[in-house]
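Participant: Could you have a look at this structure, given as C-alpha cells, before my questions?
The values are calculated or read from the model by the stated rules, or taken from the named source; none is laboratory data. All values reported here derive from a predicted model rather than from experimental measurement. Glycine gets a Cβ as well: all are built from the backbone with ideal geometry, and neighbour counts include every protein chain shown. Side chains are part of the model used for accessible areas, which takes the heavy atoms of the whole protein and leaves out ligands, DNA and RNA. Shrake-Rupley method; radii C 1.70, N 1.55, O 1.52, S 1.80 Å.
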Amino acid sequence: MQTISKADRFVKAMTEMPSTDRKWLFGNETDNPLQFAFDAKRTVHPSVKGSVMPQNTISSTWHDLMGQHGRASKRAVYIHIPFCQTHCLYCGFFQNFLKKDIEDAYIARLIAELEMNADSPFIKSHPIHAIYLGGGTPSALSAKNIERLLYAIQLHLPLANDYELTFESRFHEFDDYKIDACLNGGVNRFSFGVQSFDTKVRRCIGRIDDREKILNRLKYLNGLDNAAIIIDLMYGMPHQTMDVWEKDVRTLIDSEIDGGDLYQLNVYEDSRLKEAVEKGALPPPSKTSVQALMFECGVDIMQKARYKRLSICHWAKNTRERNLYNQLSKSGFVTIPFGAGAGGKIEGYTFFVDRDIHSYMRRIDAEEKPLMFMMSPPEDYELYSSIIGQMDLGRLNITMLSARYGVELEDMLSPLIEAWLAKGLIKMSDGFLELTIAGQFWYVNLTQAILDWLVMMKSNGSHALNVNPVRKSLSNGVKAIAAQG
Ligand code: SF4
C-alpha cells in the first residue's frame, strides 16, 4: 500500500490556499527563473516572528537574561550611531542629522550604556567575537568621540583575542585623524557604503564624493595595511546601466581591497527616491527582472576573479576578510544591542533599543536599559535561525539539520523541493539543498517560503502568509541586525 507522507497530507490540507499565496511559496511557472520566478522580493529579511511582549515585562526579562551566564557560543555586539551628515535618497535607516552638542551628549550616554551591564554574569561569561559599529554614519563622529567610544568598548566588553571590530563608514569627512583614532582604538575592519563608483549615479542618490576621491581614499587605506577594507556596491539605481554596474564591480576588484558586498536596491514606499522618481527628477530604478541580470553579471565577475564567496552577496579576496558579524547575527547567535535604534537578539528574544534620541538619553540618565520593544522567541527558533543562516550561504544542509533538530526536513519540504527543482531554483546533492544562480537571486523568497511552510505544517495550515513585498520604509522600525546598507 502506498504511504502518504506528512508533507503530502499537508499539501492536501492546503488546497484551500489562494493561488497568489501558492505562488509566493512555489514560484511562478516560467522557463526563466532568474528573472521571473517570483513577482517581487517578498521581504528584506526572512524571519519567523515571536510574540510582542507586554511593556511591563521587558525590563525584567532583560535583567533575568543579564543575570545568567547564557549558552557558551560565539557572541556579537551591535552599536548604533544614529547620525548622518546627509540623507541619502534610497535610505530607510536615516534617523538624525549630526549636531555637535548632541553628538557629545549621545556618546557619553552610549558609554554609560556599555558600562551599565559590563559586570553582569551574562556579559562577563563568554568572549565577544564580533562588534559592529553601524548607523547612521559612525565615521561622522569626531576623532575624539571615536577614541572615547572605542576605549569604552575595549574596557567594558570581554573581546576575544581574534575579535572582528567593524567600523561602518563613508568617505565624506572621514579624515586621517579619524582613521588613526579607529586603528589606535582596535578597529580591524572598515565597511564603506560606496554603492557605486560612478560619480553621476552617486550624486543622484545623495552621495557626495566623486569617483577619484573614493579611489584615492581606498588606495590610502590599503597602503596602511592595518585593517580589512570592505565596500558595499548596490545594483539597480537610477542612471546605473548594465555597463556602469559592470564597471563598478571591476573597479572593486581593481582597487585590491579585501572584500565586497553586492546587493540589490530596495525602493521603499515613502522613500525620497520614490518621490524623486514620481516627480520626474530621476529616471526610475531598474526593475527586479533587470536587477536579476545585474546580480548574475556581478557573480560572474567575482567568480572569474577567483574571489572567495562567503555568502550569497559577499566576497573576500583574502583571509583578512571573514565577514564574521554578518554570519553570526544572521544565524541567530547572541547579538547584544547598544545605542538608540539598535536591534539585537539574546537566547531567541529580539530586542530593540529606544530610537528617540532624547528619550534614549533620559532613560540612560535614569540608569535604565532603554529598551522600547521586545519579542519572545518563536517555537523552534533555533531551527529557523539555522535555516536563515545557511540559506544566506546559498545552501541548506538538510541531513545535518534533520539530525540536530530531530525533524524529517527533506520529507517535510518535499513539495517545495520538487517544485523548485523543476523550476531550476535549486539542486539537491549529498544531503544538501543548493541554490542555483536563479535561486540565489531569489534566496530571500525561498528562505521565507521554507519558514512559512514549516510554521504552516506545525499549525496544520492555520498560519497565514505575511505577504508584504519590499515597499515599506524601514524608517519606523529599527535597523535590523546584520542589515548592511
Ligand atoms: S545610507 Fe547611510 S549615510 Fe546615507 S542616510 Fe542612510 S544611514 Fe545615513
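Participant: Gap in Å between the Cα centre of region 37-87 and the Cα centre of region 130-171?
Facilitator: Rounded to whole Å, the Cα centres lie 19 Å apart.
Participant: Express in nm, to one decimal, how much length is gained between residue 279 and residue 68 on full extension, taking 0.36 nm for each residue of separation and deducting their alpha carbon distance. List each step's numbers first, then the result.
Facilitator: Details: separation 211, 0.36 × 211 = 75.96 nm, distance 5.44 nm.
Value of the extension gain: 70.5 nm.
Participant: Right, next: Just to be sure I understand: of the beta bridges DSSP finds with both ends in region 55-330, what percent are antiparallel, rounded to 5? Walk me through the numbers on the way to the answer.
Facilitator: On the way: 5 of 33 bridges.
Percent antiparallel among DSSP bridges in region 55-330 is about 15.
Participant: Considering only DSSP beta bridges where both residues belong to the chain, give the percentage that are antiparallel (nearest 5). Intermediate results must be reported in sequence, preceding the final value.
Facilitator: Numbers: 22 of 55 bridges.
If I count the DSSP bridges inside the chain, around 40 percent turn out antiparallel.
Participant: Once amide H atoms are placed 1.01 Å from N in the peptide plane, what residues at a sequence separation of 5 or more from residue 259, or on another chain, have their amide H within under 5 Å of its amide H?
Facilitator: Amide H neighbours of residue 259: 229, 231, 317.
Participant: Let me ask something else. Anything over 21 Å Cα to Cα? Flag those among 41/274; 49/369; 213/287; 100/219; 213/274, in the order listed.
Facilitator: On the way: 41/274 17 Å; 49/369 23 Å; 213/287 30 Å; 100/219 30 Å; 213/274 28 Å.
Over 21 Å Cα-Cα: 49/369; 213/287; 100/219; 213/274.
Participant: Something else now. Provide the packing ranking of 216-229, 77-90, i.e. peptides ordered by the mean count of other C-beta atoms within 10 Å per residue, highest first. Before the final figure, lay out the partial values.
Facilitator: Values: 216-229: 16.1, 77-90: 22.3.
With the highest mean Cβ count within 10 Å placed first, the list reads 77-90, 216-229.
Participant: So, one more: Which value, in nm² and rounded to one decimal, describes the direction-averaged projected area of the C-alpha convex hull of region 55-330? Kindly include the intermediate steps, with their values, before the conclusion.
Facilitator: Details: hull surface 62.8 nm².
Mean projected area for region 55-330: 15.7 nm², to one decimal.
Participant: Quote to one decimal, in nm, the extra length available between residue 125 and residue 226 on full extension: 0.36 nm per residue of separation minus the C-alpha distance between them. Walk me through the numbers on the way to the answer.
Facilitator: Values: separation 101, 0.36 × 101 = 36.36 nm, distance 2.97 nm.
My answer for the length gained is 33.4 nm.
Participant: Roll a 1.4 angstrom probe over the protein heavy atoms and tell me the percent of accessible area of the chain that is carbon or sulfur.
Facilitator: Working: 10230 of 20390 Å².
Carbon and sulfur atoms account for 50 percent of the accessible area of the chain.
Participant: If I measure Cβ to Cβ between cysteines in the chain, which ones have no partner under 4.7 Å?
Facilitator: Those would be 84, 182, 204, 297, 313, since no other cysteine Cβ in the chain comes under 4.7 Å of theirs.
Participant: Sticking with this one: Looking at the calculated P(r) for the chain, what percent of the C-alpha pair distances fall above 32 Å?
Facilitator: Numbers: 48150 of 117370 pairs.
Result for the distance tail: 41 percent.
Participant: I would also like to ask the following. Tell me the mean residue ellipticity at 222 nm calculated for the chain from its helices only (DSSP H runs of n ≥ 4, each -39500 (n - 2.57), averaged over every residue, nearest 500). Intermediate values should be presented prior to the final figure.
Facilitator: Details: 21 runs with 203 residues, N = 485.
Rounded to the nearest 500, the figure is -12000 deg cm²/dmol.
Participant: Put +1 on the Cβ of every Lys and Arg and -1 on every Asp and Glu Cβ in the chain; which of 143, 105, 425 then has its Cα farthest towards the positive end of the dipole?
Facilitator: Value: 425.
Participant: With a cut-off of 8 Å between alpha carbons and a minimum separation of six or more residues, what is the relative contact order of the chain in percent?
Facilitator: 23
Participant: Multiply the residue gap between residue 242 and residue 270 by 0.36 nm, knock off their C-alpha separation, and tell me the result in nm, one decimal place. Working shown, then result.
Facilitator: Numbers: separation 28, 0.36 × 28 = 10.08 nm, distance 2.65 nm.
Length gained between residue 242 and residue 270: 7.4 nm.
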